[in-house]
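Below is one structure, written out as structure tokens; comments come after it.
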Amino acid sequence: MTARLIDGKAFAATVRGRLAERVKTFVAKRGFAPGLAVVLVGDDPASQVYVRNKVAQCAEVGVRSLEHRLPATTSEGELLALVAALNADPAVHGILVQLPLPKGIDETKVLAAIAPEKDADGFHVVNAGLLATGGACTVPCTPLGCMMLIEDVLGDVSGAEAVVVGRSNIVGKPMAQLLLRANCTVTIAHSRTRDLPGVCRRADILVAAVGRPEMIRGDWVKPGACVIDVGINRVPRNDGSGKTRLVGDVAFDEAKVVAGAITPVPGGVGPMTIACLLTNTLSLAERS
Ligand code: NDP
């Protein structure tokens with residue numbers, strides 16, 4: 001059996017197309033565009049690429065992006081002052097502070113300073129609490145994108161066994177909450193889980209968010225399962241070129257002959273993350 005390939009790139013393009021229409025309607029009604037403030041502190045190369053992509057995709061759908069690039073020497077106080085100014089700015093509907101922040105700046109403190117009603121990433125504890133208690137909230141972009149892919153492939157997932165490997169606040173935990181909200185029976189696995197292969201083998205829906213290249217092997221996958229690979233890992237190419245390539249947390253070639261559907265890396269979950277960031281920004285603007 002060969003799994004259906006879940007094309008996140010194509011799906012994200014469709015989401016952006018629909019979003020562009022919604023933004024047009026918003027602008028016609030309200031007379032201004034939704035605004036997303038993107039704050040980048042320091043010169044982490046991966047963050048530079050992410051921010052560039054976010055800004056470009058904002059332009060594509062008609063969201064106004066306001067970039068704030070600060071040097072690595074920025075103090076926590078200066079960053080908190082900027083967040084306070086953005087909270088007070090009526091042209092800003094969503095705020096995103098790109099992580100990781102340079103050493104010496106407390107990420108938790110900065111994320112907590114963002115007004116929950118402008119929290120485009122959905123990382124604020126108020127939004128995390130609302131997600132856990134079933135309230136209306138902003139959902140973190142990566143798990144939201146995963147859930148959209150899962151529902152596109154499977155439709156109603158009520159009663160399905162879902163296993164999420166990884167329990168971070170930005171991926172694993174909100175992913176588990178979304179699956180629970182969709183009436184799955186959810187297991188969250190992590191580095192202390194006993195018999196991880198056995199736990200994974202129970203899953204009709206298996207979400208890997210670990211950050212370990214190809215850790216989840218083909219024989220950990222239940223035949224026919226829907227496999228969502230969040231991991232982005234850079235590993236050396238095997239061709240002696242000295243170059244690198246991206247792989248996920250799932251051994252794709254092994255898993256694709258067992259799974260019913262699977263996301264590739266790259267081109268699976270990754271493109272959905274930015275599409276969901278833009279969706280969150282528009283929703284925040286609509287609620288403002
Ligand atoms: P974290 O490092 O915050 O969390 C990793 C989780 O994996 C932890 O809960 C950890 O368990 C668990 N883990 C680590 N080793 C093992 C193991 N051997 N067995 C079982 N569980 C293990 O990572 P993130 O959640 O931030 O990200 C996960 C991956 O997703 C990364 O590759 C990241 O690059 C990628 N990512 C991709 C995004 C996208 O847009 N596609 C967006 C965000 C992340 P414990 O808690 O016990 O330590």
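The values are calculated or read from the model by the stated rules, or taken from the named source; none is laboratory data. Given the structure is predicted, the values throughout are model-derived calculations rather than measurements. Positions of Cβ are backbone-derived with ideal geometry, glycine not excepted, and every protein chain shown enters the neighbour counts. Ligands, DNA and RNA are stripped out before the accessible areas are found, and what is left, the full protein with its side chains, is counted by its heavy atoms. Shrake-Rupley method; radii C 1.70, N 1.55, O 1.52, S 1.80 Å.
Considering each residue of segment 95-110, count those that are closer than 16 Å to Thr74 by Cα and either of a type in the set (Ser, Thr, Tyr) or touching an Asp or Glu at 6+ places or on another chain (Cβ under 9 Å) (or both), and give that number. Adding up the residues that qualify gives 11. Filtering segment 135-155 to residues that are over 11 Å from the mean Cα position of the chain (by Cα), over 18 Å from Ala10 (Cβ atoms) and in contact (Cβ under 8 Å) with a residue 24 or more places away in the chain leaves only Thr138.
Quick check: anything in segment 125-132 more than 11 Å from the ligand (Cβ to nearest atom) and assigned to a loop (DSSP other than H, G, I, E, B)? The answer is no, given that none of the residues of segment 125-132 is more than 11 Å from the ligand (Cβ to nearest atom) and assigned to a loop (DSSP other than H, G, I, E, B).
Scanning segment 227-266 for residues that are in a loop (DSSP other than H, G, I, E, B) and either open to solvent by less than 20 Å² (accessible area, probe 1.4 Å) or polar (S, T, N, Q) (or both) yields Gly231, Asn238, Ser241, Gly248, Asp249, Ala251, Ala259, Thr263. Val39 fails exactly one of the following numbered conditions: (1) open to solvent by 80 Å² or more (accessible area, probe 1.4 Å); (2) in contact (Cβ under 8 Å) with a residue 24 or more places away in the chain; (3) hydrophobic (A, V, I, L, M, F, W, C). What is the number of that condition? All conditions are met except number (1). Residues of segment 84-134 that are touching a residue at least 12 places away in the same chain (Cβ under 8 Å), among the β-branched types (Val, Ile, Thr) and over 14 Å from Leu36 (Cβ atoms): Ile105, Val110, Val125.
Would a scan of segment 94-112 turn up a residue that is within 20 Å of the chain's Cα centre (by Cα), in a helix (DSSP H, G or I) and under 16 Å from Gln177 (Cα atoms)?
no
Within segment 231-243, residues that are within 25 Å of Ala209 (Cβ to Cβ) sit with their Cβ atoms under 8 Å from residues that are more than 16 Å from the ligand (Cβ to nearest atom) and in a loop (DSSP other than H, G, I, E, B), at 6+ positions apart or across chains, in these pairs: Pro236/Gly242; Pro236/Lys243; Arg237/Lys243. Taking segment 167-195 as the range and being within 25 Å of Leu5 (Cβ to Cβ), open to solvent by 10 Å² or more (accessible area, probe 1.4 Å) and either in the same structural domain as Leu99 (by TED's automatic domain parsing) or within 9 Å of the ligand (Cβ to nearest atom) (or both) as the test, only Val171 passes.
Val250 meets each of the listed conditions (1) away from the ligand (no atom under 16 Å from the Cβ); (2) within 21 Å of Ser168 (Cβ to Cβ) apart from (1).
Is it fair to say Ala46 is outside any strand (DSSP E or B) and modelled with pLDDT under 95? Against the criterion (outside any strand (DSSP E or B) and modelled with pLDDT under 95), Ala46 qualifies. Tell me which residues, restricted to segment 73-86, are open to solvent by 40 Å² or more (accessible area, probe 1.4 Å) and more than 10 Å from Ile105 (Cβ to Cβ). Scanning segment 73-86 gives Thr73, Ala81, Ala84, Ala85. Scanning segment 2-32 for residues being touching a residue at least 60 places away in the same chain (Cβ under 8 Å) and not in a helix (DSSP H, G or I) gives a total of 6.
Residues are listed down the side, and each one gets a yes or a no for (1) open to solvent by 40 Å² or more (accessible area, probe 1.4 Å); (2) not small (Gly, Ala, Ser):
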residue	(1), (2)
Val110	no, yes
Lys118	no, yes
Ala132	yes, no
Cys137	no, yes
Ala162	no, no
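Mind checking whether some residue in segment 182-196 is among the hydrophobic types (A, V, I, L, M, F, W, C), in contact with a Pro (Cβ under 7 Å, 6 or more places away or on another chain), more than 14 Å from Asp249 (Cα to Cα) and part of a loop (DSSP other than H, G, I, E, B)? Taking every residue of segment 182-196 in turn, none turns out to be among the hydrophobic types (A, V, I, L, M, F, W, C), in contact with a Pro (Cβ under 7 Å, 6 or more places away or on another chain), more than 14 Å from Asp249 (Cα to Cα) and part of a loop (DSSP other than H, G, I, E, B).
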